[in-house]
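Everything on this sheet refers to the single structure shown next.
The values are calculated or read from the model by the stated rules, or taken from the named source; none is laboratory data. In this text, all values refer to a predicted model and were calculated from it rather than measured experimentally. As a convention, Cβ positions derive from the backbone with ideal geometry for all residues, glycine included, and neighbour counts pool all protein chains shown. Areas reflect the complete protein model, heavy atoms only, side chains present, ligands, DNA and RNA absent. Shrake-Rupley method; radii C 1.70, N 1.55, O 1.52, S 1.80 Å.
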Amino acid sequence: METIQPILKRGRDVWDRINMPEAEFRERAQRIQEKIRKENLDVMLVYGAGLNEYGNSCYLSNFVTKMPQGALVILPKEGEVTFIFQGGSRELKTVQTTTWIEDTRPAMDLPQACVKFLKEKGLVPSRVGIAGIREWMPVREYQVLMDGIAPCEVIDMDHVLREMRMVKSPKECDQMRRASRIVARGFDFISGAAFPDTNERMIEAMIDREMRLEGVEDVRILIGKPREKQWALRPADDLPVSEGDSVIIYLALSFERYWAEGIRTFSFKDSFFEKPDLGTFAGIFEKGLSGMGPGRTVSQFYKGLLGDADKSGLEPILDYGLGHGIGLGPNEFPVIDDKSPIEMKEGMCFVLRLAAKSKKFGAVMTGDTFLLTQNGPEKLTV
Amino acid sequence: MDNKIFKLKKALELLKQKGLDGLVIFSSGAFYFLRPNQLNYFSEWRPLGPRNAAVVSKSGKVALLIEPPWDLNRASQKSWIKDTRGTRNFSKDLTSILREFDISGSVGVAGTGEMTLDVYQAIGEAARVVPADDILEEVAREKTQREVEIARKTGRIADAGFNAFLEYARPGIREYELVGEMEFAMRSAGATDNFTLISSGRHNYSMHPASDKRLAPGDIVIGEISPVFEGQVVQICRTVVLGEPDPLLAEKYEMLVHALKEAIKQIRPHVPASSMSIAMNKVISDAGYAKYCYPPYMRARGHGFSLGSISPGATIDDETKPDFEKDQVVVVHPNQYLPETGYLACGESVLVTESGTERLSETKTILYSKGV
């Protein structure tokens, strides 16, 4: 889900080497280097940027970009990798505490630094694989980079990172569980705390505080009041939350780099957010999950869930989609739609969400983070 | 003049001067405090999707293209731009608007620093792209009273953040918990976002996002506290010692406060921004730390903060050419690494007035200590 991006990813920034050991990163780098050799490339540039799209570079370095800046991992076909982050030399000591890559370099001008590095290593000209660069690098930087390596043959390798990141390793699954549990605790807090005489911003501040004290890196909150005439999910505003309001709360967060999200519908009564009985809606969502399993395609699952909804007379709201992959980014592949041929595999993590019109509440919405196991989806946000 | 009419009128004047058929003001949804957030400034709406743009034609037509489309209602309510359009195919719909508005010759593009190749190429297919970040920066140079009041309120929110910093900084609390409490205080005071850096220890090297380090007796805790309100950022930099401060530390911090005061004295309209940095560096150099005033130890001595412009720049140092202008918001920070004390945080944001400066925060810049 799209949310307002913060000015800085400012929560707890640590590298827990037990949760995510160096060997995990080395193994990822080795797998990519095997691809580099197989594709007859000389080097690969893996780029990540900003507060939502840092996944590619983080997957290899564990470094998360905390501002709208870029980071680049350079993998030769053999040997040690190099990491360049956009920033000043003063930041190097701090960055080194969160990455395993010994050759870590700061650069205010990332593309120039990359060009200089490749030239020093005799890699201009060469066959260069790129991932994340066309999609996420700002155009001015992209042009500097491409001009600088103009004699090189540039080959798009986005799919390599995409495929690797879609299927989580056991260590990654554990990180997803940790992040998801905090989402669940966030909803426990919302339904357990009193919010007397308050407005949306204050509610957001209280939820944000609880999540930060849990040690998250980033928190995103959206609110929807489906009884409003033209309601939509939106950032909190200076508006009251009043007795009897139906309120949908979207909560996403990242913990030690990994994202999880959940959505709940509440009724606001006596200063508390009560969880109402959503009746058949909840049942349809649960039933729809049975269509999710290894071997099925994403589009089969999509059509199955909406088919069930249609048969039961539900009026789904599809503005927010049914979900997508999640992991090192809040919005990952695959997107759950009616066209995706991607086959679901054990180890994939998904956000699934469903919204529908409701006479009683205006609209209802639910969503959770799931891990696909051999036996079907395991709800992580519990 | 009404804020929105002023912005549009001035933008149209500048389009005419530059011979442009129109202007695209793009945002990737990122909010970077060292770069003008031009779409946010122009439209008075903060986008959340990865591709959003306002399109202005030289005849005065304006449209706002919004991704994801479900955010359309919020944009319609927040922005003064009446023609708001949701999109699921941004590049295609953007070029359609360019054609609809007869923008086919040269189009100014603001926000190329955050624009990706696909969008840039799509605009280029409709018209000749001319980088035009300077147009909105020029419009934003003239501040409205409302913008000045927003800066003042943001300064008071920064004080709320510092008061929480002082209250919660104690042995045993972790850095991220301290930042969580500071942020809660600032959000409760009205902040919509916060840029908070911190460090703690006997000898700090720089400030960074919070780690899980527990504060300990004797720690020097430094913080850069920068709340955001209505798109405006104000920054204060503070140092708190957990315990009785070492006399040497107190002496060095006093020197930095002196440097801060001397630097602020230089600030008034029509004076080069470099004078602020030169005055600051002179005090610190005279104390024997000349080499620590420059890279790799230090770089910027301050910078601008504003809604649509960061003039006089993202870095104010001894070489910064532009003059200060009335109503600019400027942070002045002799944040300094000293070999005896480590990195110390000391800084204020000021509003440039006719005759000098107005402090935007009320809490004092002194070396704070807490009994442990």
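Structure summary
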{"item": "Given B:Lys4/B:Lys78; A:Lys287/A:Lys339; A:Lys269/A:Lys379, the pairs whose alpha carbons are separated by over 23 Å", "result": "A:Lys269/A:Lys379"}
{"item": "Considering only chain B, percent of DSSP beta bridges that pair antiparallel, nearest 5", "result": "75"}
{"item": "Residues of region A:74-118 with amide N under 12 Å of a point placed 7 Å along Cα→Cβ from A:Arg17", "result": "A:97-101"}
{"item": "Isotropically averaged projected area of the protein assembly as shown, using the convex hull of Cα atoms (one quarter of hull area), nm²", "result": "31.8"}
{"item": "Compactness of region B:243-297 - radius of gyration and Dmax, Cα, Å", "result": "12.9, 44"}
{"item": "Accessible surface of A:Ile18 - all protein chains present, 1.4 Å probe, nearest 10 Å²", "result": "130"}
{"item": "Gyration tensor (alpha-carbon) shape descriptor, chain B, a/c threshold 1.5", "result": "prolate"}
{"item": "Candidate lysines for bridging to A:Lys275, where Cα separation is under 18 Å - those fewer than 8 sequence places away on the same chain excluded", "result": "A:Lys225, A:Lys357, A:Lys359, A:Lys360"}
{"item": "Between 0 and 90°, nearest 10: helix B:3-18 axis offset from chain B longest Cα axis", "result": "70"}
{"item": "Sites matching trypsin sites (Lys or Arg not before Pro) across region A:12-95 that sit in DSSP coil, with at most 15 neighbouring C-beta atoms within 10 Å", "result": "A:Arg17"}
{"item": "Convex hull volume per residue for chain A, taking Cα atoms only, in Å³", "result": "141"}
{"item": "Sum of -39500 (n - 2.57) over DSSP H runs of 4+, divided by residues of the protein assembly as shown (222 nm, nearest 500)", "result": "-10500 deg cm²/dmol"}
{"item": "5 angstrom amide H check on A:Ile342, placed H, neighbours 5+ away", "result": "A:Val298, A:Ser299"}
{"item": "Given charges at Cβ of Lys, Arg, Asp, Glu: chain B dipole, positive-most of B:Gly111, B:Pro217, B:Ile173", "result": "B:Gly111"}
{"item": "Radius of gyration and maximum dimension Dmax of region A:102-150, Cα, Å", "result": "10.8, 29"}
{"item": "Debye, to nearest 20: dipole size of chain B, +1 on Lys, Arg Cβ, -1 on Asp, Glu Cβ", "result": "600"}
{"item": "Cα-based equivalent ellipsoid, region B:39-111: semi-axes from gyration tensor eigenvalues, Å", "result": "19, 14, 11"}
{"item": "Electrostatic dipole magnitude of the protein assembly as shown [Cβ: Lys, Arg +1; Asp, Glu -1; Cα centre; debye, to 20]", "result": "540"}
{"item": "Under 29 Å from the Cα of B:Lys364 - lysines, other chains or at least 8 residues apart", "result": "A:Lys9, B:Lys143, B:Lys153, B:Lys213, B:Lys252, B:Lys261, B:Lys265, B:Lys282, B:Lys291, B:Lys326"}
{"item": "Computed label-point distance, nm, for sites B:Leu248 and A:Ser312 using a 7 Å Cα→Cβ extension", "result": "7.1"}
{"item": "Residue range of chain B that is longest and free of trypsin sites (Lys or Arg not before Pro) which are both DSSP loop and sparsely packed (at most 12 other C-beta within 10 Å)", "result": "B:203-363"}
{"item": "5 angstrom amide H check on A:Met44, placed H, neighbours 5+ away", "result": "A:Leu75, A:Gly129"}
{"item": "Where Cα atoms sit under 19 Å apart: lysine pairs in region A:22-166 separated by 8 or more or lying on different chains", "result": "6"}
{"item": "Point-charge dipole on Cβ atoms (K/R +1, D/E -1) for chain A, about Cα centre, debye to 20", "result": "260"}
